[in-house]
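Scroll down for the structure; my scribbles are underneath it.
Just so it is clear, none of the values below were taken in a lab; they were calculated from the coordinates. The structure presented is a predicted model; accordingly, all values stated were derived computationally and were not measured. Heads up, the Cβs are rebuilt from the backbone with ideal geometry, glycines too, and the neighbour counts pull from every protein chain shown.
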Amino acid sequence: MKRRNFLKVSSICTAALATSFYIPSFPQDRKLKIGLIGAGWYGMVDVKAALKIGGVEVIAICDVDSDHLKTSADELEKLQGSRPKTFKYYHDLLDVKGLEAVFIGTMPHWHSLQFIAACEKKLDIYCEKPIAYDITEGMAMVNMANKTGNIVQLGFQRRQSVAFKKTKELIEEGKIGNVYQIAAQIHYNPGPQDNTIQAPPATLDWEEWCGPAPKLEYRPNIGHKAWRLEKEYGNGHLVDWGIHHIDIIRQIMGEGMPEQFHTTGGIYEFKDKITTPDTLTANMLFRKAAVLWQHRLWGTGDVTREFNNGIFFYGEKGTLFAEDAKVTFFPSGRAAQKEEFSIPVPLMQENHVENFLKAVRSKDNKLIACTPEDAWKSTATVQLAMISYYTGSLVKWDEQKQEIIGNPEAAKLMKREYRGNYVHP
């Protein structure tokens, strides 16, 4: 996929979407027929949110773990009164007659192939974040979605947080003055890591689970739910969880992508247990303000534990600390008292899924809260930060050309070759 073509196609299609008028054609009293690719933990979170909203029926699910498949089918049958068809392979699910939309809840290294196949079937898609495992995959996915014009939502559900929307409002009205620096962090302890090499569970087809990614010897700390800290599958804490904060920073500040990255860290407490850093500091130079990301997967995290998960916006008139359900304002001045805004939104996931379903029923891409191209920008941002870490180098990014400048070793990591007979898009 030529990067110049990516830019051209994205620009043309974005303009087309902005000028198109969609006439709602979905009967509001008919249930939307949806399918689930990846019927494990978070895939089920997504479709159960859809069922909670109502107006949908899960007619098919697939998973390469037969235990996941049966357990999830049983649960869905109880919830909706009908049992979905079950499949091992996603291609079989995509061929189900009457299917209208799919939820993709698999690991990131499977997203691109499943997403593109669903686009080719003209199905609407709700895909979990990050959009892809590597930068080039994401480009191909954006191009395909723009080409087919289907409704696509990416799973950045924190865009539904009213607290973050309040933060944007406070900054724009000048509450803290000019923002010159931003710091984001999520400190937590992942607990014991069992990296004992062993046979995978009898119900799990490990070959299919690994798919286009390298096939590592199975061990519990890289399998179901635990893959996030494995370099070859999840690419680490910043890419898996920190990406939410980077995405929100971009939304609040109206930013594109950073022009420069410098990341340092290492594996200290979990040496020989995980393959991505348990300690990380990433400096990202955005156009409006420098962003610092940090995480420690050990100890107490921040010296004040209430700040272990959130974003600091530093202005000359004060500082805002934003988290999912609260914003705290610290005015400048010695005698100033902090001000708290408690804004809980218990249904962020449901609201984000509902946003997708409304767009599907209206056939209106303009309703989508997180488009593929915008999701790609947030995903590529954290991926570039990790490329800086892996190469131990300063990474400069040309947002217009969509390429790394003057760093051939870093540029190689924009694409990971697929395993076996799998073809990289």
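Expressed as a fraction of 2.2 N^0.38 Å, the C-alpha radius of gyration for region 109-197 is 1.55.
The label point for Glu172 and the one for Arg83, both projected 7 Å from the Cα toward the Cβ, are 5.1 nm apart. Each distinct pair of alpha carbons in region 197-239 adds a 1/r term; the inverse of their mean, the Kirkwood radius, is 10.7 Å.
Magnitude of the charge dipole for the chain, about its Cα centre and with charges confined to Cβ atoms of Lys, Arg (+1) and Asp, Glu (-1), is about 880 debye.
Normalised radius of gyration (Cα atoms, divided by 2.2 N^0.38 Å) for region 218-316: 1.17. Shape call for region 116-273 from the C-alpha gyration tensor, a ≥ b ≥ c root eigenvalues: rounded (a/c under 1.5), prolate (a/b greater than b/c) or oblate? Oblate is the answer for region 116-273, as a/c is 1.5 or above yet b/c matches or exceeds a/b. When you filter the GluC sites (Glu not before Pro) in region 251-340 for DSSP loop state and at most 12 other Cβ atoms inside 10 Å of their Cβ, you are left with Glu316. Positive end of the dipole of region 242-387 (Cβ unit charges, origin at the Cα centre): among Gly301, His244, Ala336, the Cα lying farthest that way belongs to Ala336.
Estimated from the Cβ-Cβ distance and a Förster radius of 41 angstrom, the FRET efficiency linking Arg287 and His224 is about 0.55.
Would you mind checking Lys78/Lys121; Lys129/Lys412; Lys31/Lys363; Lys48/Lys129; Lys85/Lys225; Lys288/Lys358 for any pair whose Cα atoms are more than 27 angstrom apart? Check vs 27 Å cut-off fails for Lys78/Lys121; Lys288/Lys358.
Shape of the chain from the C-alpha gyration tensor: rounded (a/c under 1.5, with a ≥ b ≥ c the square roots of its eigenvalues). Charging the Cβ of each Asp and Glu at -1 and of each Lys and Arg at +1, and nothing else, the dipole of region 176-291 about its Cα centre rounds to 380 debye. Extents of region 282-322, taken as max minus min of Cα coordinates on every principal axis and listed largest first, are 33, 23, 13 Å. For region 187-263, report the translational diffusion coefficient in µm²/s to the nearest whole number, using Stokes-Einstein at 20 °C, 1.002 mPa s, and a Kirkwood Rh over Cα pairs. Taking Rh from Cα pairs, D becomes 145 µm²/s.
Label 7 Å along Cα→Cβ of Arg419; region 215-250 residues with amide nitrogen under 19 Å? From region 215-250, the list is 215-236. Rounded to 0.05, the FRET efficiency of the Asn308 and Phe330 pair, given R0 = 22 Å and the Cβ-Cβ distance, is 0.85.
The alpha carbons of region 362-425 give a radius of gyration and a Dmax of 15.1, 47 Å, in that order.
The Gln400 and Lys52 beta-carbon pair, evaluated with R₀ = 41 Å, returns a calculated FRET efficiency of approximately 0.45. Cα centroid separation, region 281-355 to region 66-117: 36 Å. With the highest mean first, a sort of the peptides 365-371, 72-78, 35-41, 330-336 on other beta-carbon atoms found within 10 angstrom per residue produces 35-41, 365-371, 72-78, 330-336.
Just want the answer: with Cβ charges of +1 for Lys and Arg and -1 for Asp and Glu, which residue in Phe103, Val64, Trp397 is farthest toward the dipole's positive end in the chain? Result: Trp397, furthest along the dipole toward the positive end.
Quarter the surface of the alpha carbon convex hull of region 57-157 and you get the mean projected area, 6.4 square nanometres. Rg and Dmax over the alpha-carbon atoms of region 291-425 stand at 20.4, 66 Å.
Measuring how big region 28-82 is from its alpha-carbon positions, Rg and Dmax come out at 10.7, 35 Å.
The charge dipole of region 232-382, taken about its Cα centre with unit charges on the Cβ of Lys, Arg, Asp and Glu (plus for the first two, minus for the last two), comes to roughly 320 debye.
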